[in-house]
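Asker: Supplied in structure tokens, the structure appears directly below.
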């Protein structure tokens, strides 16, 4: 008879899960055994549970299926918790399987025991725990459904090690997912009428369009209805950035003129987004005087911060499909001028200043711009959190099928594991990763996992010897009082050489043509870029005289 662990793996394989990520632990030996020589599920062994979790999050972003990560109890689950938070913030389906203490020791403060219902409450969509082997098939089916339906997110399943190894007679159930509901016919008609009459509309595209076919549906919808498109925080790859209808993104650092223009919209169609704080810039947009239609698959995100004229608990693609039966009608007189205005503002913001040189290194925005100019249409770019990622969002013209993997949560350490997952998922596509000197020593060791499997990742390390994002905030709040943000780095080129791949140093802008050639060439690469800190610091402010 199959064990509970084997039933669990049987269910995952039946759903098309073909890869899982882990750091091995004795508390789930039975699961590891169930995966031994499995014909369809590849087990990727990471070096740290946070890295394994980030790989699973990135893999889920690329496939649309839940990322699966296996960790041991206690320390393993704690390390993996960063990925659970990232999946929740990023609206990504993730299944965290935690090997737990034996059933007899539950809630007795046993070695490495944690009550995961308490630990993950608030960041996981659902938490379950098996206390009998016959429960395991039901619980993994429930976990899968919860991760996928509505707004996708992370789930946690605690599995006592003895329960996993026990025989299980219960068969693996079929997966049951809620079919996305289309909007009511009258709501679709109302929305069509609002779109026809709006002179200054903005379509805000969010996570629900980051699905197979979602980008194509968004593009066709925007073109048919002549709607300028803005994207939510760090989702620039949802819409071709060189398209006349692309209006930019809603995130940190929106230029004042662009923010002012968004405030003048007479209709905001928030399509497949939760309208979180960064996209709305502190819950300040759409403002009270703007008409809002909010579409989100889960009702709990509707109406609590932004009263909407129409609030639809529906799938974004279903709303687009419902409007196919409605004619756009003639474009209002002022809309073309509105589209051109938004486009001009976005185009101006995408430029990199050509003046100004800094003696402390290369302006990293020029590196980002270079990447955008030399990479092919099928590139996957993984970004870490931090100042090095900022120019990639606004200075690179993303165009599908290019993919941008970035942590909506702002989690440092995401970049390298995400690049590894991307290279394993798409070995035929070029993968570039940009990471700062702070992040690369957090999870950069996961590069070894990819290289051991032949991944040809190109890694760009921005070396400015500081936690630059925090330093910028520090200079704004406490000018000249540097505290806790400096880094004493090792020789990162020497560190990089330990991976036995080509390594190059970019010390000045004279080295950028060589970097361009290296990015175009096949095979892996690590480039250490001496990056200007002065180029990103705010203009110094006068410090008040004491007394």
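Asker: Any residue that is out of contact with any strand residue (DSSP E or B) (no Cβ under 8 Å at 6 or more places or on another chain) and outside any helix (DSSP H, G or I) - is there at least one of those in region 152-161?
Answerer: Looking for residues that are out of contact with any strand residue (DSSP E or B) (no Cβ under 8 Å at 6 or more places or on another chain) and outside any helix (DSSP H, G or I), one finds at least one in region 152-161, hence yes.
Asker: Hey, another quick one. Condition check: farther than 14 Å from residue 460 by Cα and buried (at least 17 other Cβ atoms within 10 Å of the Cβ). Does residue 508 satisfy that?
Answerer: For residue 508, the condition - farther than 14 Å from residue 460 by Cα and buried (at least 17 other Cβ atoms within 10 Å of the Cβ) - is not met.
Asker: In region 384-400, which residues are in contact (Cβ under 8 Å) with a residue 60 or more places away in the chain and either more than 20 Å from residue 254 (Cα to Cα) or under 12 Å from the mean Cα position of the chain (by Cα) (or both)?
Answerer: 385, 399, 400
Asker: Go through region 375-393 and count every residue that is in a loop (DSSP other than H, G, I, E, B), in contact with a strand residue (DSSP E or B) (Cβ under 9 Å, 6 or more places away or on another chain) and more than 16 Å from residue 444 (Cα to Cα).
Answerer: Pass one, region 375-393, residues in a loop (DSSP other than H, G, I, E, B): 375-379, 384-386.
Filter once more, keeping what is in contact with a strand residue (DSSP E or B) (Cβ under 9 Å, 6 or more places away or on another chain): 375, 378-379, 384-386.
With the extra rule that they be more than 16 Å from residue 444 (Cα to Cα), the set shrinks to 375, 378-379.
Of the residues in region 375-393, 3 are in a loop (DSSP other than H, G, I, E, B), in contact with a strand residue (DSSP E or B) (Cβ under 9 Å, 6 or more places away or on another chain) and more than 16 Å from residue 444 (Cα to Cα).
Asker: Check residue 33 against each of (1) in contact (Cβ under 8 Å) with a residue 40 or more places away in the chain; (2) part of a helix (DSSP H, G or I) and name the one condition it does not meet.
Answerer: Status for residue 33: all satisfied but (1).
Asker: Taking region 256-283 only, how many residues are over 23 Å from the mean Cα position of the chain (by Cα) and more than 22 Å from residue 210 (Cα to Cα)?
Answerer: First, pick out the residues of region 256-283 that are over 23 Å from the mean Cα position of the chain (by Cα): 256-268.
Filter again for more than 22 Å from residue 210 (Cα to Cα), leaving 256-267.
Number satisfying all stated conditions: 12.
Asker: Give the residue, chosen from 481, 500, that is over 28 Å from the mean Cα position of the chain (by Cα) and within 28 Å of residue 53 (Cβ to Cβ).
Answerer: Numbers: 481 fails: within 28 Å of residue 53 (Cβ to Cβ).
It is 500.
Asker: Which of the numbered conditions does residue 117 fail, given that it passes all the others? Conditions: (1) assigned by TED's automatic domain parsing to the domain that holds residue 67; (2) in a loop (DSSP other than H, G, I, E, B).
Answerer: (2)
Asker: Tell me, which residue of region 522-535 that is part of a loop (DSSP other than H, G, I, E, B) and under 27 Å from the mean Cα position of the chain (by Cα) is surrounded by the fewest Cβ atoms within 10 Å (Cβ to Cβ)? Full working, then the answer.
Answerer: Taking region 522-535 as the starting set, the residues that turn out to be part of a loop (DSSP other than H, G, I, E, B) are 522-524, 532-535.
So of that shortlist, the ones also under 27 Å from the mean Cα position of the chain (by Cα) come out as 522-524, 532-533, 535.
On the way: 522: 7, 523: 10, 524: 20, 532: 21, 533: 18, 535: 20.
Here the residue is 522.
Asker: Can you tell me which residue is surrounded by the fewest Cβ atoms within 10 Å (Cβ to Cβ) among those in region 422-437 that are touching a helix residue (DSSP H, G or I) at 6+ places or on another chain (Cβ under 8 Å) and within 28 Å of residue 532 (Cβ to Cβ)? Break it down stepwise before answering.
Answerer: Residues of region 422-437 that are touching a helix residue (DSSP H, G or I) at 6+ places or on another chain (Cβ under 8 Å), as a first pass: 422-426, 429, 431-437.
Still in the running and within 28 Å of residue 532 (Cβ to Cβ): 431-437.
Working: 431: 27, 432: 22, 433: 29, 434: 28, 435: 30, 436: 29, 437: 24.
If we take residues in region 422-437 being touching a helix residue (DSSP H, G or I) at 6+ places or on another chain (Cβ under 8 Å) and within 28 Å of residue 532 (Cβ to Cβ), then 432 is surrounded by the fewest Cβ atoms within 10 Å (Cβ to Cβ).
Asker: Quick check on this structure: which one of 98, 69, 136 is touching a helix residue (DSSP H, G or I) at 6+ places or on another chain (Cβ under 8 Å), farther than 24 Å from residue 446 by Cα and surrounded by 24 or more Cβ atoms within 10 Å (Cβ to Cβ)? Before the answer, list the steps.
Answerer: Numbers: 98 fails: farther than 24 Å from residue 446 by Cα; 69 fails: farther than 24 Å from residue 446 by Cα.
Just a single option satisfies the conditions, and that option is 136.
Asker: Would you mind stating whether residue 317 is at pLDDT 95 or above, part of a helix (DSSP H, G or I) and under 24 Å from the mean Cα position of the chain (by Cα)? Before you say what the answer is, go through the steps one by one.
Answerer: Working: at pLDDT 95 or above: yes; part of a helix (DSSP H, G or I): yes; under 24 Å from the mean Cα position of the chain (by Cα): yes.
Spelling it out, residue 317 is indeed at pLDDT 95 or above, part of a helix (DSSP H, G or I) and under 24 Å from the mean Cα position of the chain (by Cα).
Asker: Further question: Kindly indicate whether residue 143 is buried (at least 20 other Cβ atoms within 10 Å of the Cβ), touching a helix residue (DSSP H, G or I) at 6+ places or on another chain (Cβ under 9 Å), part of a helix (DSSP H, G or I) and assigned by TED's automatic domain parsing to the domain that holds residue 31.
Answerer: On the way: buried (at least 20 other Cβ atoms within 10 Å of the Cβ): yes; touching a helix residue (DSSP H, G or I) at 6+ places or on another chain (Cβ under 9 Å): no; part of a helix (DSSP H, G or I): yes; assigned by TED's automatic domain parsing to the domain that holds residue 31: yes.
No, not satisfied.
Asker: While we're here: Look at residue 321 and say whether it is without any contact (Cβ under 8 Å) to a residue 60 or more places away in the chain and either surrounded by 13 or more Cβ atoms within 10 Å (Cβ to Cβ) or not assigned by TED's automatic domain parsing to the domain that holds residue 264 (or both). Working first, answer last.
Answerer: Working: without any contact (Cβ under 8 Å) to a residue 60 or more places away in the chain: no; either surrounded by 13 or more Cβ atoms within 10 Å (Cβ to Cβ) or not assigned by TED's automatic domain parsing to the domain that holds residue 264 (or both): yes.
Against the criterion (without any contact (Cβ under 8 Å) to a residue 60 or more places away in the chain and either surrounded by 13 or more Cβ atoms within 10 Å (Cβ to Cβ) or not assigned by TED's automatic domain parsing to the domain that holds residue 264 (or both)), residue 321 does not qualify.
Asker: Restricting to region 321-352, name every residue that is in a helix (DSSP H, G or I), closer than 26 Å to residue 214 by Cβ and out of contact with any strand residue (DSSP E or B) (no Cβ under 6 Å at 6 or more places or on another chain).
Answerer: Going residue by residue through region 321-352, those that are in a helix (DSSP H, G or I) are 321-325, 335-349.
Subsequent filtering for residues that are closer than 26 Å to residue 214 by Cβ retains 321-325, 335, 338-339, 342-343, 345-347, 349.
321, 322, 323, 324, 325, 335, 338, 339, 343, 345, 347, 349 - these are the residues of region 321-352 that are in a helix (DSSP H, G or I), closer than 26 Å to residue 214 by Cβ and out of contact with any strand residue (DSSP E or B) (no Cβ under 6 Å at 6 or more places or on another chain).
The values are calculated or read from the model by the stated rules, or taken from the named source; none is laboratory data. Note that the structure is predicted; figures quoted are calculated from it, not measured. Using ideal geometry, Cβ is built from the backbone for each residue, glycine included, and neighbour counts are taken over all protein chains shown.
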